[in-house]
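Novice: Questions regarding the structure given below will be posed in turn.
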């Protein structure tokens, strides 16, 4: 096998492996950094939220403003608000117990602001048209919640498939390079054992 072919295949193998490892590490780091930043923002928002609810009982627009200052949208604080309601009802947050109805009103106001948030635009348009023809929005809430759950599951599956697709691409490239390397590489064949002529002569003389 020509030396330059071996060199090219070796370079391709190194580059392919490095690219795959680099992409994998960057993907993991991005996910970790995103989660870390989000958790810090939620922690800061919870401190702001508890303090303002105790001292000034802000309305929903003011809560949204506090969240935006922490880099959070109103949708990203909904789980935190629901957790507060759960903790209060379970008797684990007595400090905010007297503000339960106020916190529940934030959930209600959010549903009025963004009843179809996180839904695909084509579905959202049809739901908005349906909502215009009915008086009570509660009729659509179970349907919208179900669709949101399906969309969330679909998005997770798409991210997982994208990860597998990109990873499979790099692994496939590496496999092709290795296949070419072994295809062009000479096979190790067993060479016949060469016995020195002096040893052959001695053996013949001994037999005689």
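Novice: If I model the stretch 1-116 as equal point scatterers sitting on the Cα atoms and use the Debye formula, what is log10 I(q)/I(0) at q = 0.14, 0.23 Å⁻¹?
Specialist: Debye output, listed in q order: -0.67, -1.27.
Novice: Mind giving me the FRET efficiency for residue 10 and residue 161? R0 is 41 Å, r the Cβ-Cβ distance, nearest 0.05 is fine.
Specialist: The pair residue 10/residue 161 has a calculated efficiency of 0.80.
Novice: Fewest Cβ neighbours within 10 Å first, please rank 113, 30 accordingly.
Specialist: Ranked by crowding around the Cβ, least crowded first: 30, 113.
Novice: Then there's this: Taking 0.36 nm per residue of separation and subtracting the Cα-Cα distance, what length does fully extending residue 130 through residue 62 add?
Specialist: 21.4 nm is the gain from fully extending residue 130 to residue 62.
Novice: Follow-up. Of 126, 55, how do they rank once you tally other Cβ atoms within 10 Å and put the fewest first?
Specialist: 55, 126
No lab work stands behind these numbers, since they all come straight from the coordinates. In this text, all values refer to a predicted model and were calculated from it rather than measured experimentally. Using ideal geometry, Cβ is built from the backbone for each residue, glycine included, and neighbour counts are taken over all protein chains shown.
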